[in-house]
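The values are calculated or read from the model by the stated rules, or taken from the named source; none is laboratory data. Please read these numbers as outputs of a predicted model, since none were measured by experiment. Cβ placement follows ideal geometry from the backbone for every residue including glycine, while neighbour counts extend to all protein chains displayed. When the accessible area is computed, the model is the full protein with side chains, heavy atoms only, and any ligands, DNA or RNA have been set aside. Shrake-Rupley method; radii C 1.70, N 1.55, O 1.52, S 1.80 Å.
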Amino acid sequence: MKRFLFAVMVAAATAAFADGPGKDPVAPFEDYGPAMASDKAHPMAVEWQNANNAELAKLDDAWADGFLAGGKTAIDALLAEVKPDYATDAMTATRIAVLTQRVMATSPKPWWKFWASREHPARSIWASRLLAFATESKSVDVKLFFLDQLRWCGYPSQAPGVLAIKGSKELSDFAEMVAVELKGR
Amino acid sequence: MKMKRREFLKTAAGAGLFMIAPYKVLFGAETPSNTLTRALIGFGCIARSANHLPYRGSRLVGLCDPFEYRVKCGLALAEKQGWGKIKAYKDFMELLADPGVDIAHICTPPHWHGCMSVMAADAGKDIWCEKPMTRTVGEGKRVMEVVKAKGRMFRLNTWFRFQDTFYGFGTPVKPIRQVVENGLLGKGPIRCTFGAGQGFSWKFGWSGRVNTVPEQVPAGFDYDMWLGPAPWKPYSAHRVGTSFRGYWDYDSGGLGDMAQHYLDPLQYLLCKDDTSPVKIDYKGPKQHPEAVGRFDRITLTYDDGTTVDLDGDESLKGEPLLRGSNGLCVYPKAKGGKTLRLVDGSGKELDAEKILADLPEPAPQVTDFMQSVRERKTFALNESNGFRSCTMFNLGIVAERLGRGFEFDPVTLRAKNDPAADRFLYQGMREPWRTKMYG
């Protein structure tokens, strides 16, 4: 019933755009309505989450720490799964995003242990592999994906490496934005 | 420096030298010579609604949009609605440079709101901005600073703190404010719940596709301008039509769409216009890095212990909108009822109508933006309290993206000991927009 009412709302809103000549190339709600759910190849994130609740629930801190303990081999195997054209498997993309956030976790330390770092032990390798993959990939889309992760966990010292990434004007714009973010807002 | 048209009018009227022409209903407004003028930035869905193109409180003089098709639609519709032939600006910068425009009406997706508000203020315009006020806390802070520094008038396009029925709650916000302001809920913290059970939908339909398909940019569409400060990603119609709401780069799903409508009135009725939550908790699935999904519960906690639960999974359906520290509860208006329901701690329903009749009215608010602009009086929902209510859900959005909670300092406006959260609160922008926004 909710979906029917939503479809009616969609039709009404779409009709409201029939004022000008020709067709709106990006009509609002174009992909919405009952057809939306049937596009199994390109599900909406909410549908995908609902269908993968159990798997997503496994992506907790213990999983992330266990995965990162696998070091460069495990990390590179995961990052190699990123594809161009937004075609990366959604669970792979989400796992990568979860790991990006996990490496930013800081640990408490006793007051007397002044030499110890609070940084997650895997942050350095994770951030360096993201930059390496962004640099070495041949695909602009894949480079964008990795920069889009590096911006949340990278170091200021990585800014020059980010700026050195070339491929298109759009990519250079993005790299410039990320480099500024890494150097501090 | 050429005196602006509006300043001249104020001065002349004050001196009693200016003869205001006889009142004429030309466009349903005052005569063109003393009517405030407005131009629309963006002509997608929302620009057609009552507060935008058809709004008669000011004269519509022009619009712009990165879609040529939508510009043509807008011009045709404006003429049909009695505005005559309005101007099509090449882009919003040309619009902001036009001294004939008093008010810049920002109707773009949220990723543009902050930058355009700052640029409009810099250009000497007063600003009417669609909600959410900004996409991030960092942008909201900057808008607040610049609008104040430039002495501009700013209003957000939501109004439930001062008029209309508060969605499914069934009454306006005023009686709820009266209950809270007059201490009927006790001296301690209040528990607030927002979800389907209280009459509010979180609209999880605003979700992005986990694998959009890159497409050819349509002819007549300036995708680079549409993106503006947002990161460049391959074009896909689903990212750019009204479904932009489903992508983190531009908005944040149902939270981005509805939270300012819901939480701004809540902030007002809780009398918390000058502060923000200090703790944010998140319960829900991990989020896809591109496409906005759902949340189960986001809890915002204020320094005084007041909590606001955003009930995504409807597990709090039976909760009242407000539960006081003394057990008194505020429920939505019942079907056939006259006002909100008050139920005390023992479950006894009180005579809400009688109780409300004896309570003083809240302080009046400036609710006419044209009056605000003319008299330079801060509008009811402005850059300051709008920033705070926007911050409420921007904090929730960060928790969603982090997949966990964090703490926030409402004075420094930074996450506490949490650089990961801070990166989401203060995000970068593409050039030249970053420089135009932050200098």
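Screening B:R430, B:R423 for residues that are within 14 Å of chain A (Cβ to nearest Cβ), within 23 Å of B:G253 (Cβ to Cβ), modelled with pLDDT of 95 or more and in a loop (DSSP other than H, G, I, E, B) leaves exactly one candidate, B:R430.
Going through A:A90, A:A51, A:A64 one at a time, which residue ends up being among the aliphatic types (A, V, I, L, M) and in contact (Cβ under 8 Å) with a residue 40 or more places away in the chain? Of A:A90, A:A51, A:A64, the one residue that is among the aliphatic types (A, V, I, L, M) and in contact (Cβ under 8 Å) with a residue 40 or more places away in the chain is A:A90.
Checking each residue in the stretch A:140-185 for being without any contact (Cβ under 8 Å) to a residue 12 or more places away in the chain, within 11 Å of chain B (Cβ to nearest Cβ) and among the basic types (K, R) picks out A:K169, A:R185.
Across the stretch B:342-374, the number of residues qualifying as within 18 Å of B:C329 (Cα to Cα) and part of a loop (DSSP other than H, G, I, E, B) comes to 8.
So that you can scan it fast, the table gives a plain yes or no per residue for (1) part of a loop (DSSP other than H, G, I, E, B); (2) not hydroxyl-bearing (S, T, Y):
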residue	(1), (2)
B:R239	no, yes
B:D251	yes, yes
B:G256	no, yes
B:K272	yes, yes
B:Y282	no, no
B:Q287	yes, yes
B:F295	yes, yes
B:D309	no, yes
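Could you tell me whether A:S137 is farther than 23 Å from B:V398 by Cβ, more than 10 Å from chain B (Cβ to nearest Cβ) and polar (S, T, N, Q)? Yes, satisfied.
Which of the following residues is aliphatic (A, V, I, L, M), open to solvent by 30 Å² or more (accessible area, probe 1.4 Å) and either in a loop (DSSP other than H, G, I, E, B) or under 26 Å from B:N211 (Cβ atoms) (or both): A:A77, A:A62, A:A116, A:A97?
Being aliphatic (A, V, I, L, M), open to solvent by 30 Å² or more (accessible area, probe 1.4 Å) and either in a loop (DSSP other than H, G, I, E, B) or under 26 Å from B:N211 (Cβ atoms) (or both) holds for just one of A:A77, A:A62, A:A116, A:A97, which is A:A77.
Residues considered: B:D274, B:D281, B:D304. Of these, the only one that is open to solvent by 10 Å² or more (accessible area, probe 1.4 Å), in contact (Cβ under 8 Å) with a residue 40 or more places away in the chain and within 30 Å of A:L147 (Cα to Cα) is B:D281.
What residue, among those in the stretch A:80-98 that are more than 7 Å from chain B (Cβ to nearest Cβ) and of a type in the set (S, T, Y), is nearest to A:R123 (Cα to Cα)? Step by step, filter the stretch A:80-98, then rank; the result is A:T92.
Output the number of the condition that B:K131 fails; it satisfies all remaining conditions of (1) of a type outside the set (V, I, T); (2) under 25 Å from B:T435 (Cβ atoms); (3) within 15 Å of the chain's Cα centre (by Cα); (4) open to solvent by less than 20 Å² (accessible area, probe 1.4 Å). Here B:K131 meets the rest and fails (2). Tallying residues that are assigned to a loop (DSSP other than H, G, I, E, B) and either touching a residue at least 12 places away in the same chain (Cβ under 8 Å) or of a type in the set (D, E) (or both) within the stretch B:190-217 yields 18. Quick one: is B:L359 under 26 Å from the mean Cα position of the chain (by Cα), surrounded by 14 or more Cβ atoms within 10 Å (Cβ to Cβ) and within 15 Å of B:E181 (Cβ to Cβ)? No.
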